[in-house]
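Step one of this worksheet: look at the structure below.
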Amino acid sequence: MGRLFLLKRLAFELGYLKTDIEFAELFVQRCFFGDYGSSYIESKLKKYGLDEKTINRALKTVMVERAIDEQRILNDYVLS
């Protein structure tokens with residue numbers, strides 16, 4: 001085994017590296033709580049090279065787990 005492979009494996013096992021879905025979910029969560037919408041999030045994740053399936057899964061997971069209603073957030077923002 002090469003040294004680079006071992007370093008990457010160790011970094012992954014220690015939690016320094018994330019899988020694509022882990023990264024996407026964390027990114028989605030941070031963006032929603034930073035008042036960014038799903039269109040912005042999707043475009044940024046595509047620029048990072050994530051596939052559409054991973055992006056959609058992350059958006060759906062975070063929106064369900066955190067009970068995020070994007071339309072309500074937009075309405076509250078406009079009405080404030």
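The values are calculated or read from the model by the stated rules, or taken from the named source; none is laboratory data. Source: prediction; values computed, not measured. With ideal geometry, Cβ positions are generated from the backbone for all residues, glycine too; neighbour counts draw on all protein chains shown. All accessible areas refer to the heavy atoms of the entire protein, side chains included, with ligands and DNA or RNA removed. Shrake-Rupley method; radii C 1.70, N 1.55, O 1.52, S 1.80 Å.
Side notes on the structure shown:
- Residue-averaged [θ]222 nm for the chain, counting only DSSP H segments that reach four residues, each worth -39500 (n - 2.57): -23000 deg cm²/dmol
- P(r) tail fraction, the chain - alpha-carbon pairs more than 18 Å apart, %: 49
- Two-site FRET efficiency, residue 79 against residue 36, from Cβ-Cβ distance with R₀ of 22 Å, rounded to 0.05: 0.70
- Note on residue 11 and residue 69: the extension gain reaches 17.3 nm, defined as 0.36 nm multiplied by sequence separation minus the Cα-Cα distance.
- When the Gaussian network model of the chain links Cα atoms closer than 10 Å, the mean-square fluctuations of 48, 40, 16 top out at 16.
- Accessible-area value, residue 76, 1.4 Å probe, nucleic acids and ligands omitted, Å²: 80
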